Amino acid sequence: MVSIRQFGVFNRTFRHLNRYQQILRVLFRYGFSDLAEHLHLDHYGLQLFSRNKQRDKEQEQLLRHSRPERLRMALEELGPTFIKLGQLLSVRPDLVPPDYLKELAKLQDEVPPFPYEEVRQIFLEELGKEPDEIFAVFSREPVAAASISQVHHARLELRDAEGGQRRRKVVVKVQRPRLERIISIDLEILARIAQLMEDHLEEVQGHRPTAIVREFSRSLSREIDFTIELANIQHFARQFAGCRELYVPEAFPALSTQRILVMERIDGIKASDIEGLRAAGHDLTLLAERGARLVMEQIFTHGFFHADPHPGNIFFLPGNVVCFIDFGQMGRLLFKDRETFIELVASIVSGDESRVTASLLQMTVQQGEFDRDALSLDISDFMSRYLHLSIGDLEIGRIHWELLRLFSRHQMFLKPGLYLMLKSLGTAEGVGLMLDPQIEMLSLAKPFIRKIKMERVSPRRLAAEAADTGAQYLHLFRDLPAETRSVLAMLRQGKVRLELEHHGLRPLEKALYRVSNRIAYAIVLAALIIGSSLVVLSGIKPKWHDIPIIGVAGFLLAGCMGFGLLISILRQGKGKV
């Protein structure tokens with residue numbers, strides 16, 4: 001009997017057959033047919049799309065590229081969801097081999113723009129007006145087009161408090177048409193592929209592909225909702241209200257929706273334009289230190305930070321003022337997680353292996369049992385590389401990558417907030433080194449480290465923690481009698497159940513499912529042959545050459561079914577059930 005879960009899987013597969021077909025076609029054209037076979041996609045009714053794929057001249061040209069290059073090209077062709085996934089994997093050395101990392105880092109998020117008529121339609125659907133009715137000037141040609149949205153320049157005519165008019169240059173982000181539906185289908189397919197990887201590829205099971213896809217799905221869903229980016233900008237602006245070293249672009253909530261975002265246009269110099277910064281008279285050393293301090297203030301003081309501060313997302317304004325743009329990816333960090341990271345850095349510098357181990361265990365989620373002795377040996381090796389270094393000589397980016405590799409070996413996974421924090425610090429460190437090769441990132445973090453350490457032992461903090469702990473114990477003792485009576489009542493009524501969960505039985509379950517299906521198929525086939533024989537012997541009309549037509553039809557159908565069963569066994573089983 002087909003379960004509800006199996007029916008749901010089949011129903012989703014049927015609804016997305018066109019997209020499955022497109023993905024398989026791309027995989028085969030770029031030489032990844034082995035992946036489809038290893039994932040047993042044909043078991044889910046997709047073999048119709050994987051057969052009869054001949055290598056034409058185009059494919060022969062593609063196969064001249066290396067496998068990492070072909071993976072990058074395939075992801076670019078598959079669209080926004082797969083491009084974003086590739087960009088995520090490009091900074092995960094714990095998941096992806098070095099040659100693939102290098103190639104995935106080249107992923108281009110530039111695609112042809114969609115026409116103005118579709119931009120106009122989105123404005124009508126979201127705001128009930130055309131762009132020309134809202135803006136004094138609206139550039140019909142986009143200045144940039146990516147896989148999720150494209151950007152147009154525009155100008156607003158606003159009335160100030162005195163009734164006068166002021167002009168504001170703005171940028172308008174417009175989401176691609178039908179993007180949400182496309183991404184939702186792709187995310188569902190990725191979740192399915194991740195489950196197949198866990199089922200059939202032992203070498204990736206420890207990396208939890210399904211968990212990675214779930215986190216990626218949450219991140220991408222937030223990124224395509226422009227109301228979330230609008231809220232991020234407003235929160236960021238309140239966080240740095242009154243700060244003269246940082247400028248936050250103004251957002252326009254009345255003109256922004258889930259698919260449209262209007263914000264102030266920044267006429268500054270990108271952090272990547274070193275010659276332009278020098279020509280404008282900027283102090284590069286000051287900019288590097290100021291940018292690094294602002295990133296660390298976001299993380300260690302506020303716990304709400306820009307998660308992708310790469311050179312294209314940082315502008316410098318006159319007076320050496322820093323300006324961040326693109327607030328789609330933001331991170332949040334609990335105070336206890338900030339404390340744990342500070343403890344890790346201090347433990348590395350002091351050479352205390354036991355404290356380093358304790359900090360790493362607090363920063364991660366462990367997958368099943370792990371060998372603590374082996375972990376201690378790896379941590380000892382990790383520590384030996386940094387014992388002779390001062391805090392100023394530690395490179396966050398290098399520590400980040402080595403920690404990810406260490407976690408991968410022991411099936412440990414960084415908490416999402418801490419991963420984004422390390423990624424943000426590493427990216428900011430790269431920008432700082434580009435501006436000033438002598439910058440020492442963690443030396444600049446000393447004031448923040450000192451402040452967090454002082455807060456940990458402050459009388460107010462200790463009193464608050466004592467009060468909170470006391471309140472929790474009070475609630476526990478107050479609720480204990482009622483909870484005890486409830487458990488005893490359940491025992492008396494026989495309502496206590498013991499649930500056992502088996503792990504590692506999925507392959508056996510699927511094998512038994514295939515065996516039972518084939519047995520049922522063979523029984524039906526045998527019954528059809530016997531029934532057709534009886535019809536032929538009975539001489540029932542109508543006949544063809546004195547042979548009952550119904551019997552002939554039964555034999556033909558039985559032959560087709562038998563041939564199909566044989567092919568299935570030879571192709572799928574290869575000697576296995």
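See the values below:
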{"quantity": "Failed item in (1) surrounded by 21 or more Cβ atoms within 10 Å (Cβ to Cβ); (2) within 28 Å of GLU118 (Cα to Cα), with GLN298 passing the rest", "calculated": "(2)"}
{"quantity": "Search result, residues across the range 244-266 that are in contact with a Leu (Cβ under 8 Å, 6 or more places away or on another chain) and more than 13 Å from VAL172 (Cα to Cα)", "calculated": "GLU245, LEU246, TYR247"}
{"quantity": "Number of the exception - GLN205 against (1) outside the structural domain of HIS310 (by TED's automatic domain parsing); (2) at pLDDT 90 or above; (3) surrounded by fewer than 17 Cβ atoms within 10 Å (Cβ to Cβ)", "calculated": "(2)"}
{"quantity": "Residue within the range 337-357 that is in the same structural domain as PHE324 (by TED's automatic domain parsing), over 20 Å from THR301 (Cβ atoms) and of a type in the set (Lys, Arg) present", "calculated": "yes"}
{"quantity": "Enumeration of residues in the range 279-295 that are buried (at least 23 other Cβ atoms within 10 Å of the Cβ) and either at positive phi or aliphatic (A, V, I, L, M) (or both)", "calculated": "ALA288, ALA292, VAL295"}
{"quantity": "Failed criterion for SER350 (all others in (1) touching a residue at least 60 places away in the same chain (Cβ under 8 Å); (2) closer than 22 Å to SER443 by Cα hold)", "calculated": "(1)"}
{"quantity": "Verdict on GLY551 being on the phi > 0 side of the Ramachandran plot and modelled with pLDDT under 75", "calculated": "no"}
{"quantity": "Failed condition for LEU512, given (1) surrounded by 10 or more Cβ atoms within 10 Å (Cβ to Cβ); (2) farther than 30 Å from GLU198 by Cα; (3) at pLDDT 70 or above", "calculated": "(2)"}
{"quantity": "Looking only at the range 70-98, and only at residues there that are out of contact with any Ser or Thr (no Cβ under 9 Å at 6 or more places or on another chain) and either among the hydroxyl-bearing types (Ser, Thr, Tyr) or surrounded by fewer than 17 Cβ atoms within 10 Å (Cβ to Cβ) (or both), the one that is nearest to GLY426 (Cα to Cα)", "calculated": "SER90"}
{"quantity": "Residues of the range 247-267 classified as surrounded by 20 or more Cβ atoms within 10 Å (Cβ to Cβ) and closer than 16 Å to ASP326 by Cβ, total", "calculated": "8"}
{"quantity": "Residue match in the range 373-383 (condition: of a type outside the set (Phe, Trp, Tyr) and not in a helix (DSSP H, G or I))", "calculated": "no"}
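The values are calculated or read from the model by the stated rules, or taken from the named source; none is laboratory data. Model, not experiment: these values are computed from the prediction. Positions of Cβ are generated from backbone atoms using ideal geometry, with glycine treated the same way; all protein chains shown enter the neighbour counts.
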